[in-house]
Structures are given as structure tokens and as C-alpha cells.
Amino acid sequence: MICYLKTILVMLDMSQQELADTLGVSRNTITSLARNRSVPNLMLAYDIVDALNDQAVEQGLGKQWTVEQIWERKKS
């Protein structure tokens, strides 16, 4: 899998800690996901998408992401 979480957080000027606090998970969890060391369960993936999309709306950005846009399957 290719994870674009780090890139999206930069676009939103949002820290890993802020995302972790929003989701009620540890910063280490977000760091592990952003570094492609782990893959989230489906519920956490959707919670992350919702949090990122909410942040984009707050900032007035016209961008909304899906799970598939944040975690892209690597084709072999």
C-alpha cells in the first residue's frame, strides 16, 4: 500500500498529534500509518477520512478524500 497521509496532513497544515487527538488515538498510531508501517482497520480508516475532510471544510478547501485516495493499493 502507498499511504498519502503525510502529504495530506501537510496540505492541511495539521500535525500528526492534532489528528491523533481528534481521533482519540496515540500519535504513534498516526506515525506508524503515515510511514507505511501499518494499515488501519476499516473503522479507523473511515474515521481518518472524516477527520481530514472536516478539516478541509473548516479551512475552506474544495478537496474531499476517500479511503482509496489516502491508501492506494500497490499493483504488483
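Numbers below:
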| item | result |
| --- | --- |
| Hits in region 34-48 - residues which are surrounded by 13 or more Cβ atoms within 10 Å (Cβ to Cβ) and among the basic types (Lys, Arg) | none |
| Members of region 8-38 found to be modelled with pLDDT of 95 or more and hydroxyl-bearing (Ser, Thr, Tyr), listed by number | Ser15, Thr22, Ser26, Thr29, Thr31, Ser32 |
| Scope region 46-76; condition without any contact (Cβ under 8 Å) to a residue 40 or more places away in the chain and closer than 16 Å to Thr7 by Cβ; matching residues | Val49, Ala51, Asn53, Gln64, Thr66, Val67, Glu68 |
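The values are calculated or read from the model by the stated rules, or taken from the named source; none is laboratory data. On a predicted model such as this, the values are computed, not experimentally measured, just so you know. Reconstructed Cβ throughout: ideal geometry from the backbone, glycine too, with neighbour counts over all protein chains shown.
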